[in-house]
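A.B. asks: Provided herewith is a single structure, encoded as structure tokens, for subsequent inquiry.
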Amino acid sequence: MADTVAPTRRGAAEPPAFITEFVFPVERGKIAEFARSIGEDSRIHHDVDVAVAAGYADVPAPLTYSVVSAHFADASRTGGAYLAEELGMDMDRVVHGAHEWEYHQPVVAGTTLRATMSLVSDERRAGRRGGEMRVVVREVVYRDSVGTTVLTERITAIETEKTMGA
Amino acid sequence: MRIGPLTRTDIVRYAGAGGDFNPIHHDDVHARSLGLPGVFAMGLLGAGYLSRLLHAEFGAASVARFTVRFRAQTWPGETLVLTVDAVEPGLSPHQSLVQLSAANEDGQLKISAEALVNSDAWTSHTTKGTA
């Protein structure tokens, strides 16, 4: 895979390159389901009255809720297929290195966010075993209906020097 | 905060809720074909657990930024021990930088994390005990 594609290396100084955009509706039921999946039983994620009493317009999403957007985005653009096919990464060696969220506004049920995913950087670094690893950072900016940025998410994928189980 | 022992059901529930259907996290046959002992949890499940610790300690509404770095895989049967390791001054007097981590019971680091927390909101969270 990697030897058939010659991807353009992107340094941090270059402007982000557009990858895809999608619509991400934020829903009460999905928030409750996601909260339960991480064992978060705070009533604020499950009971709109509790959320409103705490000052929210509706039930707020847990801090890592943006991952739910995987259900709404085109996986061929946002998932491993993009890394493999467009960037030529060897997915058997790719691990999820880091993830970051910057919170600008509360993410609450009933809103529809517009997400734009970009490639921020694509760099080779010296690995600990003397080889080379490749670090790819993508960013997703989520905006509300009037264009205000609500959330910024950064996803770091690392192509390691050898296969995970080797 | 201790969470576990982690079950395959926990992993599958998170896959359904979050939408990560990479078979490496739910299909033992596939995972073994890659040389792994079996499925392992998504790093983001551990990040979700750490977000609970942040919410419990500081209130989710006070969190301005949350960064997680995945250090090692978490396997079914492991129990995660989540800790706040340090609370340092942030760039402004109203913000603190919180260092936190998830490790297994043997002390193997799984996730290291950092959160920028607005101290004003944090104070109101702890004094009122809301949210």
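A.B. asks: Search region B:52-73 for residues being of a type in the set (Gly, Ala, Ser) and touching a Phe, Trp or Tyr at 6+ places or on another chain (Cβ under 7 Å), and hand back the single one that is farthest from B:Ser96 (Cα to Cα). Full working, then the answer.
C.D. replies: Applying the first criterion (of a type in the set (Gly, Ala, Ser)) to region B:52-73 yields B:56, B:59-62, B:64, B:72.
Subset that is touching a Phe, Trp or Tyr at 6+ places or on another chain (Cβ under 7 Å): B:59, B:62, B:64.
Numbers: B:Gly59: 13, B:Ser62: 10, B:Ala64: 10 Å.
That would be B:Gly59.
A.B. asks: Condition check: at the interface with chain B (Cβ under 8 Å from one of its Cβ atoms), open to solvent by 20 Å² or more (accessible area, probe 1.4 Å), of a type outside the set (S, T, N, Q) and closer than 17 Å to A:Asp144 by Cα. Does A:Tyr103 satisfy that? Before the answer, list the steps.
C.D. replies: Details: at the interface with chain B (Cβ under 8 Å from one of its Cβ atoms): yes; open to solvent by 20 Å² or more (accessible area, probe 1.4 Å): yes; of a type outside the set (S, T, N, Q): yes; closer than 17 Å to A:Asp144 by Cα: yes.
In short, yes.
A.B. asks: Now for a separate question. Please find, within region B:82-94, the residue that is farthest from B:Asp10 (Cα to Cα) out of those that are assigned to a strand (DSSP E or B) and open to solvent by 40 Å² or more (accessible area, probe 1.4 Å). Let's see the steps before the verdict.
C.D. replies: Here is the first cut: in region B:82-94, the ones assigned to a strand (DSSP E or B) are B:82-89.
Narrowing further to those that are open to solvent by 40 Å² or more (accessible area, probe 1.4 Å): B:83-85, B:87-89.
Working: B:Thr83: 21, B:Val84: 23, B:Asp85: 26, B:Val87: 30, B:Glu88: 33, B:Pro89: 36 Å.
Within region B:82-94, the match that is farthest from B:Asp10 (Cα to Cα) is B:Pro89.
A.B. asks: Okay, moving on. Is there a residue being facing chain A (nearest Cβ under 8 Å), part of a helix (DSSP H, G or I) and over 26 Å from A:Glu159 (Cα atoms) anywhere in region B:60-73?
C.D. replies: Taking every residue of region B:60-73 in turn, at least one turns out to be facing chain A (nearest Cβ under 8 Å), part of a helix (DSSP H, G or I) and over 26 Å from A:Glu159 (Cα atoms).
A.B. asks: Residue by residue through region A:73-100, note down the ones that are farther than 18 Å from B:Asn22 by Cα, surrounded by fewer than 17 Cβ atoms within 10 Å (Cβ to Cβ) and of a type in the set (D, E, K, R).
C.D. replies: Scanning region A:73-100 gives a single hit, A:Glu86.
A.B. asks: Follow-up question, since we're still on this one. So which pairs qualify, if the first residue must be in region B:4-19 and more than 10 Å from chain A (Cβ to nearest Cβ) and assigned to a helix (DSSP H, G or I), the second must be of a type in the set (A, V, I, L, M) and crowded, with 21+ Cβ neighbours inside 10 Å, the Cβ gap must be under 8 Å, and the two must be at least 6 apart or on different chains?
C.D. replies: B:Arg8/B:Val39
A.B. asks: Quickly run through region A:73-100 and pick out the residues that are within 8 Å of chain B (Cβ to nearest Cβ) and in contact (Cβ under 8 Å) with a residue 40 or more places away in the chain.
C.D. replies: Within region A:73-100, A:Asp92, A:Val95, A:His96, A:Gly97, A:Ala98, A:His99, A:Glu100 qualify.
A.B. asks: Moving to a separate point now. Consider A:Arg134 carefully, then state whether it is at negative phi, of a type in the set (Lys, Arg) and open to solvent by less than 40 Å² (accessible area, probe 1.4 Å).
C.D. replies: Judged against the criteria, A:Arg134 is a match.
A.B. asks: Name the residue that is modelled with the lowest pLDDT, counting only residues in region B:32-46 that are of a type in the set (A, V, I, L, M) and farther than 14 Å from B:Leu6 by Cβ.
C.D. replies: Taking the candidates together, the pick is B:Leu34.
A.B. asks: Of all residues in region A:24-72, how many are closer than 13 Å to A:Gly110 by Cα, touching a residue at least 12 places away in the same chain (Cβ under 8 Å) and open to solvent by 50 Å² or more (accessible area, probe 1.4 Å)?
C.D. replies: Counting residues in region A:24-72 that are closer than 13 Å to A:Gly110 by Cα, touching a residue at least 12 places away in the same chain (Cβ under 8 Å) and open to solvent by 50 Å² or more (accessible area, probe 1.4 Å) gives 3.
A.B. asks: How many residues does region B:25-56 contain that are among the small types (Gly, Ala, Ser), in contact (Cβ under 8 Å) with a residue 40 or more places away in the chain, open to solvent by 10 Å² or more (accessible area, probe 1.4 Å) and within 8 Å of chain A (Cβ to nearest Cβ)? It would help to see each step written out before you state the result.
C.D. replies: Going through region B:25-56, the residues among the small types (Gly, Ala, Ser) turn out to be B:31, B:33, B:35, B:38, B:41, B:43, B:46-48, B:51, B:56.
Those still in the list that are in contact (Cβ under 8 Å) with a residue 40 or more places away in the chain too: B:43, B:46-47, B:56.
Then drop every residue that is not open to solvent by 10 Å² or more (accessible area, probe 1.4 Å), which leaves B:43, B:56.
From the residues that got through so far, the ones that are within 8 Å of chain A (Cβ to nearest Cβ) too are B:43.
Residues in region B:25-56 being among the small types (Gly, Ala, Ser), in contact (Cβ under 8 Å) with a residue 40 or more places away in the chain, open to solvent by 10 Å² or more (accessible area, probe 1.4 Å) and within 8 Å of chain A (Cβ to nearest Cβ): 1 in total.
The values are calculated or read from the model by the stated rules, or taken from the named source; none is laboratory data. These numbers were taken from a predicted model, which means no experiment stands behind them. Because the Cβ atoms are built from the backbone with ideal geometry, glycine has one as well, and the counts that use them run over all protein chains shown. Ligands, DNA and RNA are excluded from the accessible area calculation, which covers all protein heavy atoms including side chains. Shrake-Rupley method; radii C 1.70, N 1.55, O 1.52, S 1.80 Å.
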